[in-house]
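Worksheet: the structure to be examined is printed underneath.
Where a number appears in this text, it was derived from the coordinates with a stated rule and is not lab data. All of these numbers come straight from a predicted model, not from anything done at the bench. Don't worry about glycine lacking a Cβ; one is built from the backbone with ideal geometry, like all the others, and counts go over all protein chains shown.
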Amino acid sequence: MIADRFHQNFMVRGYAGSWHPSSHDQCSMLSVATSTRLLLRRHRPLPLTGRIRNLHRASSNEISILDQRYEVDGTTNITQSIIAKLPLRLHNQPAHPLGILRSKIESHFHDFARLSSVHPVVTPAKNFDLLGFPLDHPGRSATDSYYINKDYMLRTHTSAHEVETFAAGQSKWLLTADVYRRDEIDSSHYPVFHQMEGARVFKTDKAGIEEVKADNERLSRYLDQSNIVIEDIPHTSPTNPAQPTHDPVHSELVALNLKLSTNSLLLKLFGGGARDAPLQVRWIEAYFPFTSPSFEVEVLYQGKWLEILGCGVVQQLTLDNAGKYLCCFPFSAQPHPSPGIPDNIGWAFGLGLERIAMILFGIPDIRLFWSTDPRFLSQFSENKITTFKPYSKYPACFKDISFWVPEGGVHENDFCDLVRDVAGDLAEDVKIVSD
Ligand code: FA5
Ligand code: MG
């Protein structure tokens, strides 16, 4: 029996798929008392997202990406779900955890130029060749990278913009962007993530080297007073050498400046105040085609070492290529000859924003960063690090429940107990809509 006139109408907010497990149809009835009937309306299941669908093609042999058309060829492997992510640029949203983290890092390196919104489509030359990637580097393969066609791809790292940024004459800069890799999907990997590239170069003349030394002294003094334990390794070693064209003393000074600058950033991000256990950071030898010596940095967090960033002393090839590059800065301007940066030596790092944000905000799954659910987004506000409060992975689900009431009515608390018995803690709130 379904009432023609509803005496009480409750709205129950809970989580789809968990309210009444035995029922899969659009509408089901559940008798809970002799005089009471509940009408449960189920929402249709949401369309599956993230499924690889046919590419949206502007014409039979073209695809449209960020309002530009590209010819497709045998190399094309970009999917529609990836194309849909391109305009989102989460790092530009000031109240998104990635935007909040970006601002925090930018405020730490307050005198560095800040770049973002750089177009994600690059040439393989920019992503690989200009940085000295060998031809057989696995990163180039179609199984690892997204190709639009043989001439264009999605950047796989923010280092793809090193040459053009140095070419523009920038000597201290941060560049934040979305990067794309064909990768496994699990709670800490996603095919789109965000990196921040940071770089600083110094002139190799007397004044430039004095500048590195002074900065190293300033940073050392700051770190000496802080609650941080650093597991260090030599700045250079036979397996992680200075570049042959570099004065080894200059290389050591620049590697030290990189380490001190990075450690002070990690201290700013992860604290290490008097009350806390000291922040533990460890430096590890690494290999990147575009730096030597090269390092990775890990932070001890909840008993586990987490890789936060890769870095090193910039390969001279990058700076030489910057000198030859046809400069286009700001990136939307007409290309013009590069002022270049001859006689410079410097460092660069590339850090993963999600990895750091997961730690700082306590976000357990990398996929949550893409959520548009107000239960996620409303938890964060500009310039504030707050701890994420978990909620169901299912979308909120509203149930309108109408039923006859016995003579004398039903107390709201009696109904709430009934809901608790059936739905447990899955029901978030219960409201009387009309009676
Ligand atoms: C790079 O991408 C280098 N371009 C970093 C670099 C820059 C080295 C400048 C030297 C000089 P790597 O692939 O290790 O390196 O990525 C850098 C950081 O991005 C990692 O430390 C990690 O924090 C993050 N990262 C890498 N892969 C993923 C992924 N699949 N999901 C989330 N974060 C990732
Ligand atoms: Mg790495």
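Fully extending the segment from Ala95 to Lys431, taken as 0.36 nm per residue of separation minus the present Cα-Cα distance, adds 117.9 nm. Scaled against the 2.2 N^0.38 Å expected of a compact globular protein of N residues, the Cα radius of gyration of segment 208-301 reads 1.13. Near Phe202, the amide H atoms lying under 5 Å from its own belong to Ile345, Gly346; only residues 5 or more places off or on other chains count, and H is placed 1.01 Å from N.
Note on Tyr222/Leu317: beta-carbon distance plugged into 1/(1 + (r/R0)^6) with R0 of 35 Å gives a FRET efficiency of 0.60. At full extension, Ile233 and Ala125 could sit 35.6 nm farther apart than now, given 0.36 nm per residue minus the alpha carbon distance.
For the pair Cys416 and Ser103, a Förster radius of 35 Å applied to the C-beta separation gives a FRET efficiency near 0.25, rounded to the nearest 0.05. Where a ≥ b ≥ c are the square roots of the eigenvalues of the C-alpha gyration tensor, would you call segment 101-190 rounded, which needs a/c under 1.5, or, failing that, prolate if a/b is larger than b/c, or oblate? Verdict is oblate for segment 101-190. Taking each residue as 0.36 nm, the span from Trp370 to Ala84 lengthens on full extension beyond its C-alpha to C-alpha distance by 101.8 nm. Global dimensions of segment 255-322 from alpha-carbon coordinates: Rg and Dmax equal 14.1, 48 Å. For His157, the residues 5 or more places off, or on other chains, whose built amide H falls under 5 Å of its own are Tyr180. For Cys397, the residues 5 or more places off, or on other chains, whose built amide H falls under 5 Å of its own are Gly14, Tyr15, Ala16. Charges were assigned to the Cβ only: +1 to each Lys and Arg, -1 to each Asp and Glu. The resulting dipole of segment 223-284 about its Cα centre is roughly 220 debye.
Residues in segment 197-207 carry Karplus couplings, in order, of 9, x, 8, 8, 10, 10, 5, 8, 7, 4, 5 Hz; the curve used is 6.51 cos²θ - 1.76 cosθ + 1.60 with θ = phi - 60°, and Gly or Pro positions show x. Our coupling estimate for segment 81-89, obtained by passing each phi through the Karplus curve with A = 6.51, B = -1.76, C = 1.60 and θ = phi - 60°, is 5, 6, 4, 5, 7, 4, x, 6, 6 Hz, Gly and Pro reported as x. Each residue of segment 150-160 was assigned a 3J(HN,Hα) from its phi angle through the Karplus curve 6.51 cos²θ - 1.76 cosθ + 1.60 (θ = phi - 60°); the sequence is 5, 9, 9, 8, 8, 4, 9, 7, 6, 4, 4 Hz, with glycine and proline shown as x.
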